[in-house]
Amino acid sequence: DTTSRKGALEQQLAEVHRGGARILIGTQMLAKGHHFPDVTLVALLDVDGALFSADFRSAERFAQLYTQVAGRAGRAGKQGEVVLQTHHPEHPLLQTLLYKGYDAFAEQALAERRMIDRKS
């Protein structure tokens, strides 16, 4: 999310657009607001941290990030792929997000929050 000197990020992004950089490693800063037409593979690491966080908003933030990066992979008519690193691929919210989409995920997450509210 940071660079050591002024203008360094712009130089690095220009290198990507020229085709010089073939692998990008970054945080969610790279996922938002950039157009990388040659990016065909995006990986999200340690998604379990988001799925099992004590912060009830964490899974929702993950779903938003997943949706964002999925839109970054496979532009300009190219096939894209998103890889998730998890020890719990069977997690219900993750399954819903991957196979039914963000809207179904949001409905399920909201239902879980309502159950938690009733127990409180």
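Being closer than 24 Å to residue 107 by Cα, charged (D, E, K, R) and loosely packed, with under 15 Cβ neighbours inside 10 Å is the filter here; which residues of region 58-90 pass it? 61, 90 - these are the residues of region 58-90 that are closer than 24 Å to residue 107 by Cα, charged (D, E, K, R) and loosely packed, with under 15 Cβ neighbours inside 10 Å. The condition (being assigned to a loop (DSSP other than H, G, I, E, B) and surrounded by 12 or more Cβ atoms within 10 Å (Cβ to Cβ)) is satisfied by just one residue among 38, 55, 46: 38. Across region 82-120, the qualifying residues are those that are of a type in the set (A, V, I, L, M) and more than 19 Å from residue 65 (Cα to Cα), and the one among them that is nearest to the chain's Cα centre (by Cα) is 111.
On inspection, residue 63 does not qualify as part of a helix (DSSP H, G or I), in contact with a helix residue (DSSP H, G or I) (Cβ under 9 Å, 6 or more places away or on another chain) and free of Cβ contacts under 8 Å to residues at least 24 places away in the same chain. Considered as a group, the residues in region 78-118 that are outside any helix (DSSP H, G or I) and among the small types (Gly, Ala, Ser) include one that is farthest from residue 58 (Cα to Cα), and that residue is 80. Scanning region 1-21 for residues that are farther than 25 Å from residue 64 by Cα and either of a type in the set (A, V, I, L, M, F, W, C) or exposed (fewer than 10 other Cβ atoms within 10 Å of the Cβ) (or both) yields 4, 5, 6, 7, 8, 14, 18, 19, 20, 21.
None of the figures in this text is laboratory data; all of them are computed from the coordinates on show. As the structure is a prediction and not an experimental result, all values here were calculated from the model. Cβ atoms come from the backbone with ideal geometry, glycine included; neighbour counts cover every protein chain shown.
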